[in-house]
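The values are calculated or read from the model by the stated rules, or taken from the named source; none is laboratory data. The structure displayed is predicted, hence computed values, not measured ones. Ideal geometry is used to build each Cβ from the backbone, glycine not excepted, and the neighbour counts take in all protein chains shown. Protein only, heavy atoms only, side chains kept; ligands, DNA and RNA dropped before computing areas. Shrake-Rupley method; radii C 1.70, N 1.55, O 1.52, S 1.80 Å.
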Amino acid sequence: MAVAAATGPAPQADAQRPLAERLRPRQLDEVIGQRHLLGPGMPLRVAFEAGRLQSMILWGPPGVGKTTLARLVAGAFDAQFIAISAVLGGVKEIREAVERAQLAATQGRRTVVFVDEVHRFNKSQQDAFLPHVEAGLFTFIGATTENPSFEVNSALLSRAQVQVLKSLEPADLQQLIERGCQLLGVAPPTPAAAERLIGYADGDARRLLNALESAVNLAQGAAIDEALLERALGEQLRRYDKGGEQFYDVISALHKSIRGSDPDAALYWLVRMLDGGVDARYISRRLIRMASEDIGLADPRALRITLDAAEAFERLGSPEGELALAQAAVFLAVAPKSNAVYKALGAVKALVAQDGTRAVPMHLRNAPTRLMKDLGYGEAYRYAHDEPGAFAAGATYLPEGVEGAPWYEPVPRGLEIRIGDKLAELRRLNDEAAGD
């Protein structure tokens, strides 16, 4: 939830509300973060300024401002705001929202219907909105943490613009800490405590403000340092400190366990990360990287399996999608290992970085025009499919003078055993052609 302090003193009753609610923005300029949508000339800012009320899907992680933006849209156009939770609501709530919107329309007032966690509505429930959105009875705004391409009906999706919200940056969260402390009338946390608090929040404004409020309540006027923060948050902070060294140590342990072919250790560190609250999408990206770096062509299925696991998690979320990540981690751990492509890519990158720009050999150049053919472009090129075994023995494909090849040397494991045998045979044919 992107939030900002409301102006003016808070009434006594307001002090009983959670800090995150008290800091919810009342106007667009108070919003922290989402500059790619709300900055000058950006999509939502332009829509606000032009007075265009449009249906939309707000897609983003928790605590980045989806509900806040929906409320601001309604407020900016003096529209009735009706909120429905897809977790608790159903067709009855949708029908009631339609009736309220119809009544408001007779009074000349517009309505915004906001559906939180819209991905939890089934197809028939989502379809119930369609005729009313098409008729312009109300503006529909859905909020989701899941990919709307998979979780929102295509018919509804086609009638709403998808706006992607991002996790708040550390600078945004620091600004939020300052506003929260100002509203509460307390000194801000020490720099070290603030850094850990920001790491713990992991881009989630609501999580940050709830943690800050807990620390302030425990401090009772004392300074908020790291020790007090640990007492306030307890195991939540200690078991997985995203802002500290342990975060990177656990990632390293997972990577090294997979590289070391230990599926039990891989599962242990994977669960440690999930239990500590790390974003599973981040874990997915790391697993995809491991598939290319440590398994490579020894088992090309590894990359596909990790990509499928990432997609499965996007569709299922937690905890169901965690099983797909575990499956991928175990597969990577037991797969044959090869970093041959990883090493080859690094060697070629280093060569290209220090080498001059060499001309493409004439026989490899394309010759789409008569002039280029007359200049010798493509001359003497041998079409591999016309050669025995579809291999032009003796043909060269590197610029003249390039040294260091072969860079790719398959390891004697997994599929690369066969790849190595194939390359050895091709090199033998090249040597014979060179001898002839």
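Of the residues making up the stretch 137-156, those that are at pLDDT below 90 and open to solvent by less than 60 Å² (accessible area, probe 1.4 Å) are 145, 146, 147, 148, 151, 152, 153, 155, 156.
Among residues that are touching a His at 6+ places or on another chain (Cβ under 7 Å) and either at pLDDT below 90 or closer than 19 Å to residue 258 by Cβ (or both), residue 372 is not included. For residue 93, are the conditions met, namely being closer than 25 Å to residue 108 by Cα, surrounded by fewer than 22 Cβ atoms within 10 Å (Cβ to Cβ), of a type in the set (Asp, Glu) and at pLDDT 85 or above? So residue 93 passes the test.
Taking the listed residues 294, 308, 264, the one that is more than 25 Å from residue 248 (Cβ to Cβ) and not in a loop (DSSP other than H, G, I, E, B) is 308, with no other qualifying.
Considering only the stretch 126-135, how many residues are assigned to a helix (DSSP H, G or I) and open to solvent by less than 30 Å² (accessible area, probe 1.4 Å)?
Filtering the stretch 126-135 for residues assigned to a helix (DSSP H, G or I) gives 126-127, 130-135.
From the residues that got through so far, the ones that are open to solvent by less than 30 Å² (accessible area, probe 1.4 Å) too are 126, 130, 133.
The total comes to 3.
Does residue 31 satisfy the condition of being among the β-branched types (Val, Ile, Thr) and modelled with pLDDT of 90 or more?
Working: among the β-branched types (Val, Ile, Thr): yes; modelled with pLDDT of 90 or more: yes.
Spelling it out, residue 31 is indeed among the β-branched types (Val, Ile, Thr) and modelled with pLDDT of 90 or more.
Scanning the stretch 218-251 for residues that are in contact with a helix residue (DSSP H, G or I) (Cβ under 8 Å, 6 or more places away or on another chain) and at pLDDT below 65 yields 236, 237, 238, 239, 240, 241, 242, 243, 244.
Out of the residues in the stretch 64-78 that are small (Gly, Ala, Ser) and modelled with pLDDT of 90 or more, which is nearest to residue 169 (Cα to Cα)? Talk me through it step by step, then tell me what you get.
Filtering the stretch 64-78 for residues small (Gly, Ala, Ser) gives 65, 70, 74-76.
Subsequent filtering for residues that are modelled with pLDDT of 90 or more retains 65, 70.
Working: 65: 13, 70: 21 Å.
Across the stretch 64-78, the extreme among qualifying residues is 65.
The test for being part of a helix (DSSP H, G or I) and open to solvent by 90 Å² or more (accessible area, probe 1.4 Å) holds for residue 371.
For (1) of a type in the set (Phe, Trp, Tyr); (2) over 23 Å from residue 149 (Cβ atoms); (3) free of Cβ contacts under 8 Å to residues at least 24 places away in the same chain, each residue gets a yes or a no:
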| site | (1), (2), (3) |
| --- | --- |
| 32 | no, yes, no |
| 42 | no, no, yes |
| 46 | no, yes, yes |
| 66 | no, no, no |
| 76 | no, yes, no |
| 99 | no, yes, yes |
| 104 | no, yes, no |
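Restricted to the stretch 293-311, and to residues there that are within 30 Å of residue 423 (Cα to Cα) and under 19 Å from the mean Cα position of the chain (by Cα), the residue that is most open to solvent (accessible area, probe 1.4 Å) is 304.
When 192, 211 are screened for being out of contact with any Ser or Thr (no Cβ under 7 Å at 6 or more places or on another chain) and loosely packed, with under 15 Cβ neighbours inside 10 Å, only 192 passes. Are any residues in the stretch 317-326 free of Cβ contacts under 8 Å to residues at least 24 places away in the same chain and either over 17 Å from residue 282 (Cβ atoms) or touching a Ser or Thr at 6+ places or on another chain (Cβ under 8 Å) (or both), and if so, which ones? Answer for the stretch 317-326, where residues must be free of Cβ contacts under 8 Å to residues at least 24 places away in the same chain and either over 17 Å from residue 282 (Cβ atoms) or touching a Ser or Thr at 6+ places or on another chain (Cβ under 8 Å) (or both): 320, 323. Tell me whether the stretch 136-158 contains one or more residues that are in a helix (DSSP H, G or I) and touching a His at 6+ places or on another chain (Cβ under 6 Å). Checked against the condition, which is being in a helix (DSSP H, G or I) and touching a His at 6+ places or on another chain (Cβ under 6 Å), the stretch 136-158 yields at least one hit.
Going by the structure shown, is residue 404 without any contact (Cβ under 8 Å) to a residue 12 or more places away in the chain, surrounded by 11 or more Cβ atoms within 10 Å (Cβ to Cβ) and under 39 Å from the mean Cα position of the chain (by Cα)? No, not satisfied. For the stretch 347-366, the candidate set comprises residues that are without any contact (Cβ under 8 Å) to a residue 12 or more places away in the chain and part of a loop (DSSP other than H, G, I, E, B); within that set, the residue that is least open to solvent (accessible area, probe 1.4 Å) is 356. Looking only at residues in the stretch 327-346 that are of a type in the set (S, T, N, Q) and in contact (Cβ under 8 Å) with a residue 24 or more places away in the chain, the one that is most open to solvent (accessible area, probe 1.4 Å) is 339. Say we look at the stretch 157-180 and pick out the residues that are crowded, with 18+ Cβ neighbours inside 10 Å and hydrophobic (A, V, I, L, M, F, W, C); which of these is nearest to residue 33 (Cα to Cα)? Applying the filter and picking the extreme gives 168. Taken together, the residues in the stretch 408-436 that are of a type in the set (A, V, I, L, M, F, W, C) and either open to solvent by 70 Å² or more (accessible area, probe 1.4 Å) or more than 29 Å from residue 336 (Cβ to Cβ) (or both) amount to 3.
When restricted to residues that are farther than 12 Å from residue 325 by Cα and open to solvent by 40 Å² or more (accessible area, probe 1.4 Å), the stretch 253-268 contains 7.
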